[in-house]
Structures are given as C-alpha cells and as structure tokens.
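Taking it in order: structure first as structure tokens, then the write-up.
The values are calculated or read from the model by the stated rules, or taken from the named source; none is laboratory data. Since the structure is predicted, the reported quantities are computational estimates derived from the model, not experimental observations. Ideal geometry is used to build each Cβ from the backbone, glycine not excepted, and the neighbour counts take in all protein chains shown.
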Amino acid sequence: KKEQSALAHALSLIDRQNVQIQDLRKEKVELEQENGRLTRELRKVSLALEEEKIHSQAPDVSASREISRLRDRIKTFESQMAVAHAAQGEAEERAAAAAGRGGARGGLGRRAGGGAADFEGKAC
C-alpha cells in the first residue's frame, strides 16, 4: 500500500510537471509571437525614422540652395556696385578735368595739382 501511495504521489508530481511544461510551451509560443510583432513594429518605426531623417534633410538641401542663390545675388550686386563705382569715378574725373579747364569756376582740378575733386572743386 505504501508503494502504491508513493507511486500515485510520483505520478501526480509528473502530471503537474507535464502541465507546467505545457503551460511553459504555450507561454514560449506567445512570447515568440509577441517578439515577432514587436520586431515588425520596430522595423516600421525604424523605416519611419529613416524617412523622417530624409525629409528633415530636404530643408537643409533647400536652405543650401537658398544660400547659394543669395550668394549669387550678392556677387551680382557687388559687380553692379563695382560698375557703378567705376562710372562714378569716371564722372568725377571728367568733372575734375572740366573744373581744371574752367579756371575759377572749378577751383583746383587734377591737372592743376589738386587731389580727387568733387563737382564743386573741393578735395575729397
């Protein structure tokens, strides 16, 4: 009788362990499914972040183009200013030359020994 009782107790323990093993196998399957779901979600998030990174770089490209465009405009403006300055210098030289020929009207011009002169003959 003691042997039967011990055997029944051992079988009972084995049954409980089998139930625990089955529960653990179910939990393992559930965890693997959850892992797969989370992995797919992580990929989606990674792709979304990569796409956002690409889009966030687009304004940098746009800003770079805008900077280049502004630099071109500045160069154009500087060129125009240089041309205008040269034209102004030529006009001042002509005025100074005319003032030098005009005598009292223009005061001292370049030819008469004066420095750069404005239209009124004053030194600049």
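Could you check, for region 21-30, whether at least one of its residues is under 38 Å from the mean Cα position of the chain (by Cα), of a type in the set (Val, Ile, Thr), assigned to a helix (DSSP H, G or I) and at pLDDT 70 or above?
no
To keep it simple, each residue is scored yes or no on (1) at pLDDT 70 or above; (2) surrounded by fewer than 12 Cβ atoms within 10 Å (Cβ to Cβ).
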position	(1), (2)
Asp60	no, yes
Phe77	yes, yes
Ala84	yes, yes
Ala99	yes, no
Ala104	no, yes
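Please go through region 1-25 and give me each residue that is surrounded by 10 or more Cβ atoms within 10 Å (Cβ to Cβ) and among the basic types (Lys, Arg), ordered by number.
Across region 1-25, the qualifying residues are Arg16, Arg25.
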